[in-house]
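In what follows, a structure is listed as structure tokens, so that the remarks can point back to it.
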Amino acid sequence: MSTNSTLSNEIAALLRGEILDQRYREGERLPSERDLAVRFNASRGAVREALSQLEQIGLIDIQPGGARVQPLQSASIAVLGPLMARTELPDPELVQQFLQTFGALAALSAREAVQSANQEQMNRMRELVVSVSKLTKDFQAMAQQWHELLELLSEVSDNLVVQLIGNDLKAQFVEQMISLDIQPQIKKPVLDEVLGALKQCLMDKDGSRAAAAVTRYFDALSTAVTEAITARQALSARRAG
């Protein structure tokens, strides 16, 4: 990577952060290329490349008169990770929205996978559900088994659009959540209910019930993660006070 490209990436990241922090608000014009070049001690070419990166992810719109900040809702999924990273702990509402969205995709994969799986794939699904059920007291280990199960469901469902959207969501979210070491506590009766339903629907090859069970799990996970983040935020506030 050239020095100019590296500088462009750095400028883009700084401006992206300032836009997400609302230093530049929706509809406002960014400083000119000339002014940004002076600010960052960079060539106008490097600034132009940085602005192009921001336009590609939908944060700005470059017109002959300059670059204007666009509504956050018009941006691509690529801003989700940086948006969550703007604070020490992510916004619980944003996390909840992610889990609900990812859960909907996972439920769709479950429905399609259970209806189309061959016997070998079905046996592997059952093995993973049993593995999950043995690890309900160890969230990290259980989460890994859930991950393998969801990956298998996605693979078997063979829905490319769902897979691509899911991959993008995971890339923007999962690594950051792992680094925070959030330990959500899902109530055991809920886990037992979900796993019992999954075992039965795999026996019956009932895709609709599989989708409902996966949705139930993600609803419970969303609640548990939100509660864990809120508790961590409260603890941080008490320590700061």
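The values are calculated or read from the model by the stated rules, or taken from the named source; none is laboratory data. Given the structure is predicted, the values throughout are model-derived calculations rather than measurements. Cβ: placed from backbone, ideal geometry, glycine included. Neighbour counts: every protein chain shown.
Considering the conditions (1) within 16 Å of V132 (Cα to Cα); (2) surrounded by 20 or more Cβ atoms within 10 Å (Cβ to Cβ); (3) in contact (Cβ under 8 Å) with a residue 60 or more places away in the chain, L195 is excluded by exactly one of them, (2). Residues that are of a type in the set (S, T, Y), in contact (Cβ under 8 Å) with a residue 12 or more places away in the chain and either in contact with a Cys (Cβ under 7 Å, 6 or more places away or on another chain) or surrounded by fewer than 18 Cβ atoms within 10 Å (Cβ to Cβ) (or both) do not occur anywhere in segment 154-165. Residues in segment 59-70 include none that are within 30 Å of A231 (Cβ to Cβ) and under 20 Å from the mean Cα position of the chain (by Cα).
Taking the stated definitions as given, is D168 acidic (D, E), in a helix (DSSP H, G or I), modelled with pLDDT under 90 and surrounded by fewer than 18 Cβ atoms within 10 Å (Cβ to Cβ)? Considered against the rule, which asks whether it is acidic (D, E), in a helix (DSSP H, G or I), modelled with pLDDT under 90 and surrounded by fewer than 18 Cβ atoms within 10 Å (Cβ to Cβ), D168 comes out as yes.
If the condition is being surrounded by fewer than 17 Cβ atoms within 10 Å (Cβ to Cβ) and closer than 15 Å to Y217 by Cβ, then segment 108-130 contributes no residue at all.
Residues that are modelled with pLDDT of 90 or more, surrounded by fewer than 19 Cβ atoms within 10 Å (Cβ to Cβ) and outside any helix (DSSP H, G or I) do not occur anywhere in segment 84-107.
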